[in-house]
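Asker: Quick one: this structure, given as structure tokens, is what I'll be asking you about.
The values are calculated or read from the model by the stated rules, or taken from the named source; none is laboratory data. The model shown is predicted, which means the values in this text are computed figures rather than measured ones. Positions of Cβ are backbone-derived with ideal geometry, glycine not excepted, and every protein chain shown enters the neighbour counts. Keep in mind that these areas ignore ligands, DNA and RNA; they rest on the heavy atoms of the full protein, side chains included. Shrake-Rupley method; radii C 1.70, N 1.55, O 1.52, S 1.80 Å.
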Amino acid sequence: MLGPLVAGWLVALGARPGNGKTTLLLSLLSRLLEDRVPTLVFGTEMRPEDLVKKWAAMRLGMDELDVFSGRIGAGDRDRVEREIVRLTEWDGLTFATTPRLDLGRLANEVRWAFDARTGPSPRALLLDHLHRITQDCEELELLAKELKEIAVERRVAFVAAAQLNREQGVGPFD
């Protein structure tokens, strides 16, 4: 659907709430992990440990709500825990931990990922999602420009999910 990820590109995935942006990013993350592409993940809707748990449940074909509510047996809990360890043991995969992300904090996390942390520098950055940073149209435009500059300067592919909230029935595809 996206084609190959290209260093220096910013790809924005737009969809309405609940239409699978996070799931698509986690599927992409699975592929990046399989290909051993060092990746930095910014999850603005979920804490990193919850995002990894969701990812593990998805990869195991388990119902996410059952996993989070604990409505699974001990054997399935063990499977989820083993998958979480497997997914997070590689030092090329980093989940940003900064709460309440803004452009400055995002830039600091990127700098840290390239300049201060151990392990390989990221070749892909994933952001879920832009509108948790700002919903102001002018600020979003500036944010997109800054993310593109980060992608070009750091020679990384940057994929960002974007929330679309327009009313149904007002566009050509409704």
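Asker: Here is a check on your reading of the model: is Val11 closer than 21 Å to Glu146 by Cβ and part of a strand (DSSP E or B)?
Answerer: Here the answer is yes, as Val11 does meet what is asked.
Asker: How about segment 29-38: which of its residues are in a helix (DSSP H, G or I) and either open to solvent by less than 30 Å² (accessible area, probe 1.4 Å) or within 25 Å of Arg100 (Cβ to Cβ) (or both)?
Answerer: Passing the criteria: Leu29, Ser30, Leu32, Leu33.
Asker: Moving on. Would you be able to tell me the number of residues in segment 39-62 that are among the hydrophobic types (A, V, I, L, M, F, W, C) and surrounded by fewer than 17 Cβ atoms within 10 Å (Cβ to Cβ)?
Answerer: Count: 3.
Asker: Another question, then. Any residue in segment 15-25 that is farther than 30 Å from Leu140 by Cβ, open to solvent by 60 Å² or more (accessible area, probe 1.4 Å) and assigned to a loop (DSSP other than H, G, I, E, B)?
Answerer: No, every residue in segment 15-25 fails to be farther than 30 Å from Leu140 by Cβ, open to solvent by 60 Å² or more (accessible area, probe 1.4 Å) and assigned to a loop (DSSP other than H, G, I, E, B).
Asker: If I filter segment 113-126 for residues that are open to solvent by 80 Å² or more (accessible area, probe 1.4 Å), out of contact with any helix residue (DSSP H, G or I) (no Cβ under 9 Å at 6 or more places or on another chain) and either polar (S, T, N, Q) or more than 30 Å from Gly61 (Cβ to Cβ) (or both), do I get at least one hit?
Answerer: yes
Asker: Out of segment 63-97, which residues are surrounded by 12 or more Cβ atoms within 10 Å (Cβ to Cβ), among the β-branched types (Val, Ile, Thr) and without any contact (Cβ under 8 Å) to a residue 12 or more places away in the chain?
Answerer: Ile72
Asker: Could you please find all residues in segment 118-153 being touching a strand residue (DSSP E or B) at 6+ places or on another chain (Cβ under 7 Å), modelled with pLDDT under 85 and part of a loop (DSSP other than H, G, I, E, B)?
Answerer: Hit for segment 118-153 is His129, nothing else.
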